[in-house]
Amino acid sequence: MRNLIVSLVILFSFAVKADTDPCDVDSYPIKGEKVLHHAKSFSLPAIYYKQGNVRVIISKEKAIDFVNNNMTDSKAYLAKAKSHIINSLMNISDSEMVDQSSLQIPLEGLVSAELNVGIHVMAGYQGLFEGVLFNNEAVVEVDKKLVPETTATYMVGEDPQPIDEFKVVHKLKVVYKSSLVLENC
């Protein structure tokens, strides 16, 4: 099944000759902009994600609270994904700071229901960092220095080269000066 999906994606990518990825475009109309304020410190244990010279850091306690209060478990695969995230966070020892990517389920070799859970674990961590960042509870570090605030920009526009009926692009970008903190498209 997985090989069939990969083959179809490769075949489809050869058939589509798009010049640019719609998520690489930054000229969509701005629908909203917000200054995000950040915590001035964090406690260990903590998790982080790193992108270039930027790290977003969340204490283990805040991460568990956010997942418990915001991630649904209304379907079996969502319950398994939530359980995996909570258990992986609970296993972090008291003095550790852990890269969140090491807590995810490796997707290689997974099929069907397992793959669905793994993808939702990945999405759960992404939602965790976005949510805590927008709740002004995350620590943001740029070039190993804590920054007090960043700017979030929400853009909506039409894909200049749509490949199907989905032509509207929603893009969220959080930056500190010229450093990208978070991007979702």
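Please tell me if residue 27 is closer than 22 Å to residue 171 by Cβ, over 20 Å from the mean Cα position of the chain (by Cα), surrounded by fewer than 12 Cβ atoms within 10 Å (Cβ to Cβ) and polar (S, T, N, Q). Give the derivation first.
On the way: closer than 22 Å to residue 171 by Cβ: yes; over 20 Å from the mean Cα position of the chain (by Cα): yes; surrounded by fewer than 12 Cβ atoms within 10 Å (Cβ to Cβ): yes; polar (S, T, N, Q): yes.
Judged against the criteria, residue 27 is a match.
Quick grid of which residues meet (1) under 15 Å from the mean Cα position of the chain (by Cα); (2) assigned to a strand (DSSP E or B):
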| site | (1), (2) |
| --- | --- |
| 23 | yes, no |
| 32 | no, yes |
| 36 | no, yes |
| 42 | no, no |
| 50 | yes, yes |
| 55 | yes, yes |
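Looking only at segment 31-42, decide whether some residue is in contact with a Phe, Trp or Tyr (Cβ under 8 Å, 6 or more places away or on another chain), within 18 Å of residue 125 (Cα to Cα) and surrounded by 13 or more Cβ atoms within 10 Å (Cβ to Cβ). Among the residues of segment 31-42, not one is in contact with a Phe, Trp or Tyr (Cβ under 8 Å, 6 or more places away or on another chain), within 18 Å of residue 125 (Cα to Cα) and surrounded by 13 or more Cβ atoms within 10 Å (Cβ to Cβ), which makes the answer no. Checking segment 137-151 against the condition returns no match, with no residue being out of contact with any His (no Cβ under 9 Å at 6 or more places or on another chain) and under 28 Å from residue 72 (Cα atoms).
Residues of segment 145-161 being out of contact with any strand residue (DSSP E or B) (no Cβ under 8 Å at 6 or more places or on another chain) and touching a residue at least 40 places away in the same chain (Cβ under 8 Å), which ones?
Keep residues of segment 145-161 that are out of contact with any strand residue (DSSP E or B) (no Cβ under 8 Å at 6 or more places or on another chain), which gives 145, 160-161.
Scanning segment 145-161 gives 160, 161.
With of a type in the set (S, T, N, Q), over 19 Å from residue 174 (Cβ atoms) and touching a residue at least 24 places away in the same chain (Cβ under 8 Å) as the only criterion, which of 95, 83 stands out?
Details: 83 fails: touching a residue at least 24 places away in the same chain (Cβ under 8 Å).
When all the criteria are applied, what remains is 95.
Is there a residue being in a helix (DSSP H, G or I), modelled with pLDDT of 90 or more and surrounded by fewer than 11 Cβ atoms within 10 Å (Cβ to Cβ) anywhere in segment 5-12?
No; the residues of segment 5-12 include none that is in a helix (DSSP H, G or I), modelled with pLDDT of 90 or more and surrounded by fewer than 11 Cβ atoms within 10 Å (Cβ to Cβ).
Figure legend. Inter-residue proximity from segment 162-185: first residues closer than 14 Å to residue 34 by Cβ, second residues part of a loop (DSSP other than H, G, I, E, B), beta-carbon distance below 8 Å, spacing 6+ or different chains. Indicated pairs: 172/185; 173/26.
Taking strands (runs of 3 or more DSSP E) that fall entirely within segment 102-185, which contain at least 2 residues that are open to solvent by less than 20 Å² (accessible area, probe 1.4 Å) and not small (Gly, Ala, Ser)? Walk me through it before giving the result.
Numbers: elements: 139-142, 145-147, 149-158, 168-176, 179-184.
Qualifying strands (runs of 3 or more DSSP E): 139-142, 149-158, 168-176, 179-184.
So which residues in segment 90-128 are in contact with a strand residue (DSSP E or B) (Cβ under 7 Å, 6 or more places away or on another chain) and either on the phi > 0 side of the Ramachandran plot or of a type in the set (Asp, Glu) (or both)? If the condition is that a residue be in contact with a strand residue (DSSP E or B) (Cβ under 7 Å, 6 or more places away or on another chain) and either on the phi > 0 side of the Ramachandran plot or of a type in the set (Asp, Glu) (or both), then 99 is the only one that fits. Within segment 63-79, being under 17 Å from the mean Cα position of the chain (by Cα) and either touching a residue at least 12 places away in the same chain (Cβ under 8 Å) or open to solvent by less than 40 Å² (accessible area, probe 1.4 Å) (or both) holds for 63, 64, 66, 67, 70, 71, 78. If the condition is being exposed (fewer than 12 other Cβ atoms within 10 Å of the Cβ) and part of a helix (DSSP H, G or I), then segment 80-97 contributes 87, 90.
The values are calculated or read from the model by the stated rules, or taken from the named source; none is laboratory data. Note that this is a predicted model, so its numbers are computed, not measured. Reconstructed Cβ throughout: ideal geometry from the backbone, glycine too, with neighbour counts over all protein chains shown. Heavy atoms of the whole protein, side chains included, go into the accessibility calculation; ligands, DNA and RNA do not. Shrake-Rupley method; radii C 1.70, N 1.55, O 1.52, S 1.80 Å.
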